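A.B. asks: Pasting a structure here, questions to come.
Where a number appears in this text, it was derived from the coordinates with a stated rule and is not lab data. None of the values given here were measured: they were computed from a predicted structure. Here Cβ is always computed from backbone atoms with ideal geometry, including for glycine, and neighbour counts include all displayed protein chains.
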Amino acid sequence: MERGNFSTRLGFILVSAGCAIGLGNVWRFPYITGQYGGAAFVLIYLLFLAIMGLPIMVAEFAVGRASIRSAAMSFDVLEPRGTRWHWYKYGAIAGNLLLMMFYTTVTGWMLYYLYKTASGGFIGLDAAGIEAVFSGMLMNPVLMGSYMAAVVLLCGGICYLGVQAGVERITKWMMLALLILMGLLAINSILLPGAGAGLHYYLYPDFGKLMEYGLKEVIFAAMGQAFFSLSIGIGALAVFGSYIGKSKRLTGEAVWVIVLDTFVAIMAGLIIFPACFSYGVDPSSGPNLLFVAMPNVFNAMPFGQLWGSLFFLFMTFAAVSTVIAVFENLIVCFFELLHQDRQQIIRWGMPVIILLSLPCVLGFNVWSGFQPFGPGSGVLELEDFLVSYNLLPLGSLVYLLFCMSRYGWGWKNFLREADTGRGVAFPQWVRCYVTYILPLIVLVIFLNGYYALFFSK
C-alpha cells in the first residue's frame, strides 16, 4: 500500500491553495470589504493574515511534513511519550467529515447553476423568475441530492486516480484555469459602463465606515475572515505538508498559498461589484449574491450567457478544489487508521459521504422545520457552525500549542522542521507572540463566535 506524494512544488502550492480557496472568498469577502470601508478593511485583513493565519498554517504544514502522516497519525508520531495530543485525531476527522456534509451540497448548487446558465435557463426571466429558480432548487430534494451525489462521485473519482495522477494533476490545471477565468471576468466587469461606482465602493479606503461600525466590529470581522478563509485547524493542509520534500522552507510555501487565497478573494470583488453597480443590482451577501443577484446581472449584460457560464465555471472550480482536498485528507486518514487499500476506501467512502450529506439537502425542504438557531437557519447552518466556530479555531489552538509548547512537540523541533530547506525562514523573534499571545487571539475568536450567534441579537 503506497501512500503517494506530490511530484512538483507547484502542485503542492496549487492544491493547498485549492483547499484554502472556497466559496467564502467569493460570497463573503467582497461584501464585508465593501461594507467595512473598502481598501481600509483590506489592510486590516492582510495584517491579520500575516500575524495570525501564516503562523498557524506553517505549524500545520510542519506537523504534516515532519511526521509524513495525516492528522490521523501525525500526533502519534511526534508527541512526547505519555502525552495525549493524538486524541485530537477524532476532532480533525470529524471536522473534515462535517465540512463534506454541507460543502458537497453547496458545490452541487454551483454545478446546477453552471448547467442552468450554459443551457440558457435564465434567458428571458425577470428578477422574480430568477429568485424562483433558486427557491425551486432548494425545495427539490431529488434535484439537490442528484447534484450533490454527482459532486461526490466526480471528486471521489479524481482521488481514485491517485495523488499525482488525480489530485495533483487535475487540481493543478483546475486552479490555473480558475485564475485565468477570474482575470477574464474581472476585465469584463471593469470595462462595463458605470463600473467605476462599484470599484469606488469596493476599493476606496473609507475610514469613515470603520468609525461608523466601530473599530472593534471591523477588527473582529477582519480576524474572522482571515482565520476562516484558510481552512486551518482540521488537518486539511497538514496532509499536503506530508506529501512534499524538504527542499523548501515552509514559511515561504505558506506565503504563496495565502497570496493566492487573497488574490482570489480580491479578484472576486472586482468581478462582482462593478457588474452589480453597472446594472443597478444590490450586491447583497450570502447565497443570494451568487444565485439571485449575479444571474440578474448576466441577464442584463451583453453576451450574458457566456459570461454567466464562465462565472459559474469559476465558482465550480473553486468549490470542487476544496471538496477534492478534504476528500483526499479523509482518504489518507482512514488509510493510516485502517491499513486498507486506497481504492477500497474510496469505493466505500463515496456512498458514505452521500448518505452523510443528505441531512443538509433535506434541511431545505423535508426537514425545514428544524431551525436550530431560529427562523432562517437549518441543517447547513448547524454543520457550518460546528466546523467554522468550533473545530477550526479549537484545532488551530491544538496545532499552535503542540508546536510551541514544551509539553508538545516543542519550539525547537517546530523551527527545525519549518526552516529545513531553502527560502524564507520562520522569524525566531516571534516566539513569545506565537506561544502566548496568538493562542489567546484564537481563543477570543472562538468565544466571539458564540457571543455573536447567541448574545448579540
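A.B. asks: Starting from the Cα of Lys412, draw a straight line to each of the lysines and keep only those under 24 Å, dropping any in the same chain fewer than 8 residues away.
C.D. replies: Leaving aside lysines fewer than 8 places away in the same chain, those within reach of Lys412 are Lys89, Lys246, Lys248.
A.B. asks: Quick one: net charge around Val281, please, counting Lys, Arg +1 and Asp, Glu -1 for every other residue with C-beta under 13 Å from its C-beta.
C.D. replies: That sum, taken over residues with Cβ under 13 Å, equals -3.
A.B. asks: Sort 119-126, 271-278 for me by packing, meaning the mean count of neighbouring Cβ atoms within 10 Å per residue, highest on top.
C.D. replies: The densest-packed peptide leads the list: 271-278, 119-126.
A.B. asks: Additional query: Among Ala149, Gly120, Thr251, pick out the residue whose Cα is farthest towards the positive end of the charge dipole of the chain, where Lys and Arg carry +1 and Asp and Glu carry -1 on C-beta, about the Cα centre.
C.D. replies: Farthest along the dipole direction, towards plus: Thr251.
A.B. asks: Would you list Asp76, Asp384 from fewest to most Cβ contacts within 10 Å?
C.D. replies: Listing Asp76, Asp384 from fewest to most nearby Cβ atoms yields Asp76, Asp384.
A.B. asks: At 20 °C and a viscosity of 1.002 mPa s, what translational diffusion coefficient does Stokes-Einstein give for the stretch 314-457, taking Rh as the Kirkwood radius over Cα pairs? Give it in µm²/s as a whole number.
C.D. replies: 113 µm²/s
A.B. asks: Another question about this same structure. Hey, what does the equivalent ellipsoid look like for the stretch 349-417, semi-axes from the Cα gyration tensor as sqrt of 5 times each eigenvalue, largest first, whole Å?
C.D. replies: Sorted largest first and rounded, they come to 38, 16, 6 Å.
A.B. asks: So what's the gap between the Cα centers of the stretch 195-242 and the stretch 50-80, to the nearest angstrom?
C.D. replies: Cα centroid of the stretch 195-242 versus Cα centroid of the stretch 50-80: 25 Å apart.
A.B. asks: Here's a follow-up. Could the peptides 100-112, 177-189 be put in order, highest first, of the mean number of other beta-carbon atoms found within 10 Å of their residues?
C.D. replies: By packing density, highest mean first, the sequence is 100-112, 177-189.
A.B. asks: Per 5 Å bin, what is the whole-percent P(r) computed from every C-alpha pair distance within the stretch 308-373?
C.D. replies: Once binned at 5 Å, the Cα pair distances of the stretch 308-373 give 3, 14, 15, 16, 16, 17, 12, 6, 1.
A.B. asks: Now for a separate question. Give the shape of the chain as rounded, prolate or oblate, defined through the alpha-carbon gyration tensor: a ≥ b ≥ c are the square roots of its eigenvalues, a/c under 1.5 means rounded, and otherwise the shape is prolate if a/b is larger than b/c and oblate if not.
C.D. replies: Note, shape of the chain comes out prolate.
A.B. asks: Helix 88-118: angle to the longest alpha-carbon principal axis of the chain, degrees 0 to 90, nearest 10?
C.D. replies: 30 degrees
A.B. asks: Net charge around Leu400, counting only other residues with Cβ within less than 13 Å of its Cβ (Lys, Arg = +1; Asp, Glu = -1)?
C.D. replies: Residues close to Leu400 contribute a combined charge of 0.
A.B. asks: Okay, moving on. Relative to the first principal axis of the alpha-carbon coordinates of the chain, what is the inclination of helix 39-48, with its axis defined by its Cα atoms, in degrees from 0 to 90 and to the nearest 10?
C.D. replies: 20 degrees
A.B. asks: Moving on. Compute the helix-to-body angle for 54-67: its Cα long axis versus the longest principal axis of the chain, expressed 0 to 90° and rounded to tens.
C.D. replies: It works out to around 50 degrees.
A.B. asks: So, counting K/R as plus one and D/E as minus one, what does the shell of residues with Cβ under 15 Å around Tyr88 add up to?
C.D. replies: For residues surrounding Tyr88, the net value is -1.
A.B. asks: Answer with one residue from Leu453, Met52, Pro427: the one whose Cα lies farthest towards the positive end of the charge dipole of the stretch 9-454, charges on Cβ with Lys, Arg +1 and Asp, Glu -1.
C.D. replies: Pro427
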